[in-house]
Amino acid sequence: MNDWKIYFGRKKLEDLGDPPPWRDFSTLNSKDNDFDLSRGRKFVPDEEEIEFVNAALYLRRPLLVTGKPGRGKSSLAYSVSQQLDLGKVLRWSINSRSTLNEGLYQYDAIARLRDATINKDKNEKTEEKIGDYIKLGPLGTALVKSESKKPRVLLIDEIDKSDIDLPNDLLHVLEEGRFEIPELVREARKDSKPVEVLTADIGEERETVKIENGIVYCRAFPFILLTSNGEKELPPAFYRRCLRLELKDPDENRLKEIIKNHLPDTDVDEIYKLLEELLIDENGELREIPVDQLLNVVFLISKDASLNLKDEGTKKLLEKLLREIE
C-alpha cells in the first residue's frame with residue numbers, strides 16, 4: 001500500500017497536509033503565537049514531578065531533571081510556565097564551549113569600535129551609548145531586577161554537555177542572585193545614570209531594562225530547570241544545591257494519556273492495539289520507547305488510514321523510527 005506516500009521522485013507536491021502539532025511553526029511570527037503554550041499544555045506530569053516542581057518553587061532552588069532522551073525533560077519547563085502564567089520560557093542550550101558569560105550577557109566591543117570609527121570619519125560628535133552594545137543572556141534576563149515579583153522560567157538544556165568548569169561557575173551566581181557587568185561598572189564611575197540594555201527575550205516580548213551601577217540584581221529568583229542526559233557526572237557541590245528529579249519511563253496508561261493530549265482526534269486504544277507488537281518485547285513487557293519517537297509513529301498512522309501496518313515495508317519503517325534512540 002503506497003497511498004499514504006507523496007514522494008515518488010516523479011510527482012509534483014499538491015498538498016502536504018497539516019504537520020504534527022509539535023512541529024507546526026506557522027504561527028511563530030504572529031501575535032497569537034501559542035507554540036510554547038501548546039507545548040506546556042500537552043505535557044502530562046506525574047505526581048512525583050509535581051511535588052518536585054513545587055518544592056523547587058518554594059525553596060527557590062534549581063531543579064535538575066535527568067532521564068533518557070525523548071522523555072520530556074525540557075517540556076516540564078514549558079508546562080510550569082504555562083500553568084503558572086510566567087511568560088515565555090528563557091532557554092539556554094549548553095554545549096562544550098558554553099561559558100557563564102554567555103548565559104549572563106554579551107558585549108559587542110567590535111561593533112562599538114566600528115560605530116565610533118564611522119562617526120569619527122564623518123566628523124560626527126554622536127556618542128555611542130554603551131547600552132546599545134550589551135545584551136543580557138538567558139540567565140541574566142531571568143535574574144534581572146524587574147517590577148514584577150513573579151519569577152521567570154529558565155531552561156538550561158543539557159548541562160551535562162558543558163565544560164567541567166561551567167556548573168561550578170554557575171553556583172556562585174545562583175547563590176548570590178546577582179552579578180556584575182564590568183563594562184557598566186567602569187561606565188558608572190564616569191556617569192552614575194542607569195544604563196538601558198536589551199534582554200534575551202525575542203519578538204514582541206523583547207524589552208530593555210535599566211542596570212544601575214553595573215550590577216544586575218535578582219528580585220524574584222527564577223524557576224530554573226536544568227536537564228541532563230547523564231552523559232557525565234556533575235560536581236558534587238552542584239548536586240547539593242539542586243533538587244534532583246529523574247524522569248521514569250511512562251507506563252501504558254500514561255503513554256495513552258500523552259498520545260491523547262498531543263493527538264486528541266486519535267483513537268488511542270485502537271492505535272495502541274495496532275502498535276502492540278512493536279511496543280511489547282519478547283518478555284511481554286513494555287519496551288523503553290522515547291515518547292517523541294512514539295508520537296511520530298502514531299502521527300504517521302493516524303494521518304492516513306491507507307498506511308498498512310501489515311505491509312512489510314511500512315512495518316520496518318515504524319520499527320526503525322521507534323528504535324532510533326535506543
- Rounded to the nearest 10, the angle in degrees between the Cα long axis of helix 165-176 and the longest principal axis of the Cα atoms of the chain comes to 60
- Given LYS73/LYS135; LYS73/LYS210; LYS149/LYS210; LYS129/LYS149, which pairs have Cα atoms separated by over 23 Å? LYS73/LYS135; LYS73/LYS210; LYS129/LYS149
- Looks like the range 146-217, by Cα gyration tensor root eigenvalues a ≥ b ≥ c and the a/c under 1.5 rounded cutoff (else prolate when a/b is bigger than b/c, oblate otherwise), is oblate
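What does the charge dipole of the range 250-323 about its Cα centre add up to, to the nearest 20 debye, if the Cβ of each Lys and Arg holds +1 and the Cβ of each Asp and Glu holds -1?
280
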- With only helices counted (DSSP H, runs n ≥ 4, each -39500 (n - 2.57)), the per-residue ellipticity at 222 nm for the chain, to the nearest 500, works out to -11500 deg cm²/dmol
- Item | Lys/Arg +1, Asp/Glu -1 at C-beta; the chain dipole; positive extreme among ALA188, PRO290, ILE301 | ALA188
- So how far apart, in nm, are the two label points at THR208 and LYS150 if each is 7 Å from Cα heading toward Cβ? 2.5
- Item | 17 Å cut-off, amide nitrogen to a point 7 angstrom out along ASP201 Cα→Cβ, residues in the range 147-188 | 147-155
- Note on the structure: Taking r as the C-beta separation of LEU59 and TYR217 and R0 as 25 Å, the FRET efficiency to the nearest 0.05 is 0.80
- Query: Could you give the dipole magnitude of the range 47-246 about its Cα centre, charging the beta-carbon of Lys and Arg +1 and that of Asp and Glu -1, in debye to the nearest 20?
  - Reply: 300
- Item | Centre separation in Å (Cα based) which lies between the range 230-261 and the range 66-108 | 15
- Between ASN123 and SER26, what FRET efficiency comes out of the Förster formula 1/(1 + (r/R0)^6) with R0 = 51 Å and r the beta carbon distance, rounded to 0.05? 0.55
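Only Cα pairs under 8 Å and at least 6 apart count here; give the relative contact order of the chain as a rounded whole percent.
Once normalised by length, the contact order is 24 percent.
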- Query: Using the count of nearby Cβ atoms within 10 Å as a rough guide to exposure, how do ILE224, ILE118 rank from fewest to most?
  - Reply: ILE118, ILE224
- Please give the contour-minus-distance gain from ARG254 to ASN168: 0.36 nm per residue of separation, less the Cα-Cα distance, rounded to one decimal in nm. 27.3 nm
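When a/c reaches 1.5 or more, the comparison of a/b and b/c decides; with that in mind, is the chain rounded, prolate or oblate per its Cα gyration tensor?
prolate
Which of the three applies to the range 250-323, rounded, prolate or oblate, going by the alpha-carbon gyration tensor with a ≥ b ≥ c and a/c under 1.5 meaning rounded? Could the numbers behind the result be given before it?
Details: a/c = 1.61, a/b = 1.04, b/c = 1.55.
Oblate shape, in that a/c is at least 1.5 and b/c is the bigger or equal ratio.
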- Message: Between LYS193 and LYS232, what is the label-point separation in nm under the 7 Å Cα-to-beta-carbon projection?
- Response: 4.6
- Query: Roughly how many nanometres apart are two label points built 7 Å out from the Cα toward the Cβ at LYS273 and LEU113?
  - Reply: 7.1
- For each of ARG244, ARG152, count neighbouring Cβ atoms within 10 Å of the residue's Cβ, then give the residues from fewest to most. ARG244, ARG152
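Read-outs: derived from the displayed coordinates by stated rules, not from any lab. If you're wondering where the values come from, they're calculated on a predicted model, not measured in any experiment. Don't worry about glycine lacking a Cβ; one is built from the backbone with ideal geometry, like all the others, and counts go over all protein chains shown.
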